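Taking it in order: structure first as structure tokens, then the write-up.
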Amino acid sequence: MPDHAISPIRSQDYPEWYQQVVRAADLAEQSPVRGCMVIKPHGYAIWERMQTILDRMFKATGHQNAYFPLFIPLSYLEQEAKHVEGFAKECAVVTHHRLELGPDGKLIPTGKLEEPLVVRPTSETIIGAMYAKWVQSWRDLPVLINQWANVVRWEMRPRLFLRTAEFLWQEGHTAHATRDEAVEETLRMLDVYATFAERDLAMPVLKGPKPSGERFPGAVDTFSIEAMMQDGKALQAGTSHFLGQNFAQAQGIKFSNSSGVEEFCWTTSWGVSTRLIGAVIMTHSDDDGLCLPPRIAPTQVMLLPIHRTDEERTAVLACCRQLEAELSNARFGDEPIRVRIDARDMRGGDKVWQHVKQGVPLRVEIGPRDLAAGAVSVSRRDRGPRERAAMPLGQFVAEAAGLLDDIQRGMFDRAKAFRDQHSVRLGSTAEVVEFFERPAEKGSPVQGGFAHVHVADDPAVTAMFDPLKVTVRCIPLEGNDDPGTCIVTGRPVTGRSVLARSY
RNA sequence: CGGGGCGUGGCGCAGUUUGGCUAGCGCGCUUGACUGGGGGUCAAGAGGUCGCAGGUUCAAGUCCUGUCGCCCCGACCA
């Protein structure tokens, strides 16, 4: 057998490695529908974990869930001028509402709609239209609503989880009485995303505003969290937009303030998507496949019974069930430990490797020898696939949560160290060119990384780095009290921006 | 949408240049035996009409036209 479960390995062909990891872990696959993927049970279970945690965080910050239509009248998208520019293309449009049987047995669309309906690429306009009706008084504010939904963006080059024509996400939409309150909300949700990414996904992120060229169409300010993938590229993992009064003015979201004077609301929107699954894959997985942070792993401990005879099977399974019960009573991250017994009748080696490739944090083998010794054999996903440590059964139960915590921390630390190792501070355009053009070192998929550089928010900067396919990802909010002069325009800037290639 | 490549059992491929009998191979799958903390061994099976549509021909996986989809590069990516 090859040295690694995944072929090619990361350093050979990173994009192909990614696809093979997705496949080996049985997360998703292409559907017969152009650009649309099928999220398979294991992939969906990961999304459900993300939903559960995020939903709890949204509720804790005062938000409620609601649901708005999939279809948006074409005229709604025309309301906000900048929004129109950004969304004019890449939308799916419904023009008919009926199918009739043609003479050749084919179905023909008929019943042309008076106004075409656009399948939502995002919901600012339809939600804003409702907010305009709901908000009348300052007493109606703030409106704090989140929607879990699917959206469609007719992307030309889809990639599983990273960019598909249809994807799942959540979109929060809020309306406030004051600018400060809306800005505060924008940053609060950015923090929620950053906390979720770092604590639950074990994925270090930089958070900060995007340059004007990368803003959401119609936004006054767009903030993002940016993570570094194992090939050194940046992935925008979440965005939070301060929309100012742009949408409120376009859609008439108005209220009477406490002095009886009519004012426009200040609105925000923020979202993360199933793209986060792609982010987790590219942050943590190795040449043996998926590696899941315990907090989002659908199964944290997989029990693997080993037996030959029926008597052994009975005894081993009984032990597994008891262990399952005891572990389920233990807690990790405020929840019962998620444990499963894999009692399928198949070859042991295949079974073990399947769980390696699926990223299960802890594998526990229990056989007659362990039974006799009152022990279990424990393997960690963050160690070599063949490593096993014997441990007294009682000790394992007591320490399981600690082991999961250790894996979770270790994954974050490793990802952070990787990002730091591939982050540099540069002081000239020549240095930037050299950094991004330097070929990858042997055995590494990394070309470039994050360059922290003084640049102004200016088209000249964009043009300068365009040939390198490098863009300004964001201007980090934290640890960035470092004024200087733009290396392209010579203008003074208050801090460094992060330059990187991105997904 | 522009340039390039590709579509043959579940997966990976050969066959297409020079059309010709029942379309092959590896892996996987099923069954049995041997095994048994091993991505095991051996044997016997099942499974495809060659992306789709049309055309040329006595004959098409193989030639022609169209179309759909996938991959890479570019543009796009809220």
- line: Quick note, region A:423-500: a/c under 1.5 would make it rounded; otherwise a/b > b/c is prolate and the rest oblate (a ≥ b ≥ c, C-alpha gyration tensor); here it is prolate
message: In whole percent, and with a 1.4 Å probe on the protein chains, what portion of the accessible area of region A:295-418 is carbon and sulfur?
response: 48 percent
- prompt: Around A:D200, with a cut-off of 11 angstrom between Cβ atoms, what is the net charge of the other residues, counting Lys and Arg +1 and Asp and Glu -1?
  reply: +3
message: I'd like the trypsin sites (Lys or Arg not before Pro) in region A:1-47 restricted to DSSP loop residues with at most 13 other Cβ atoms within 10 Å, sorted by number.
response: A:R34
task: Check cross-link reach from A:K416 to the aspartates and glutamates: straight Cα distance under 17 Å, and skip same-chain residues fewer than eight apart.
output: A:E198, A:D200, A:E226, A:D231, A:D286, A:D382, A:D405, A:D406, A:E478
Environment charge at A:R338 (Cβ cut-off 15 Å; Lys +1, Arg +1, Asp -1, Glu -1): -2
message: Accessible area per residue for chain A in Å², computed with a 1.4 Å probe and the full protein assembly in place, what is it?
response: 46 Å²
field: DSSP-loop GluC sites (Glu not before Pro) across region A:105-165, with at most 16 other Cβ within 10 angstrom
entry: A:E155
task: Compute the convex hull volume of the Cα atoms of chain A, divide it by the residue count, and report the result per residue in Å³ as a whole number.
output: 192 Å³
message: For region A:177-286, compute Rg over Rh where Rg is the Cα radius of gyration and Rh is the Kirkwood radius from the inverse mean 1/r over Cα pairs.
response: 1.09
Highest to lowest packing among A:181-187, A:219-225, scored as the average C-beta count within 10 Å: A:219-225, A:181-187
task: Just order A:401-410, A:429-438 by mean Cβ neighbour count inside 10 Å, highest at the front, would you?
output: A:401-410, A:429-438
query: Ignoring ligands, DNA and RNA, what percent of the 1.4 Å accessible area of region A:1-148 is carbon and sulfur?
result: 55 percent
- request: Filter the DSSP H helices in chain A by two things, a Kyte-Doolittle mean of at least -0.5 and an axial alpha-carbon span of 27 angstrom or more, and list the hits by number.
  value: A:41-60, A:310-329, A:393-421
- prompt: For region A:1-71, which chymotrypsin sites (Phe, Trp or Tyr not before Pro) are both in a DSSP coil and crowded by at most 16 other Cβ atoms within 10 Å?
  reply: A:Y67
- prompt: How many percent of the accessible area of region A:423-500 is carbon or sulfur, using a 1.4 Å probe?
  reply: 52 percent
field: Residues of type aspartates and glutamates that A:K112 reaches as a straight line, Cα spacing below 15 Å, ignoring anything fewer than 8 places off in the same chain
entry: A:E100
task: Show me A:318-325, A:307-314 ranked by packing, highest mean number of other Cβ atoms within 10 Å first.
output: A:318-325, A:307-314
message: Taking the alpha-carbon distance from A:K133 and a cut-off under 21 Å, which lysines remain once sequence neighbours fewer than 8 residues away in the same chain are dropped?
response: A:K254
message: Once you order the gyration tensor axes a ≥ b ≥ c over the Cα atoms, which shape class does region A:96-208 get: rounded for a/c under 1.5, otherwise prolate or oblate by comparing a/b with b/c?
response: oblate
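The values are calculated or read from the model by the stated rules, or taken from the named source; none is laboratory data. Note that this is a predicted model, so its numbers are computed, not measured. Every residue, glycine among them, receives a Cβ derived from its backbone with ideal geometry; neighbour counts consider all protein chains shown. Just the protein is used for accessible areas: all its heavy atoms, side chains included, with ligands, DNA and RNA removed. Shrake-Rupley method; radii C 1.70, N 1.55, O 1.52, S 1.80 Å.
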